[in-house]
Amino acid sequence: MDVKDLRDLTAVELAEKEQQLSQELFNLRFQLAAGRVENPMKIRQARRDLARVKTVLRQQALAAKPAARKQAAKTQAG
């Protein structure tokens, strides 16, 4: 999963992706505990993809905050 692709997604799509990856990671960990995991590297990849999604979500939230503050300042001054 590429960060460039993630940045093009909306917050709702990113939240869905986060939920998907969390579920996938849970399933992979469950398979690991049961000794049935086919490729242990999938766990590492799922963890990293989840971290990427969370990072992009956080960046979008922080980018939206200053815009909201500017808008609030304009309405109070006007």
- Item | Scope the stretch 49-78; condition surrounded by 12 or more Cβ atoms within 10 Å (Cβ to Cβ) and of a type in the set (K, R); matching residues | R52, K54
- Message: Just checking: which of the helices (runs of 4 or more DSSP H) contained wholly in the chain hold 3 or more residues that are not charged (D, E, K, R)?
- Response: 11-34, 41-77
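Only the coordinates and a few stated rules stand behind these numbers; no lab work does. Nothing here was measured: the structure is a model prediction, and the numbers come from that model. Please note: Cβ atoms are built from the backbone with ideal geometry, for glycine as well, and neighbour counts cover all protein chains shown.
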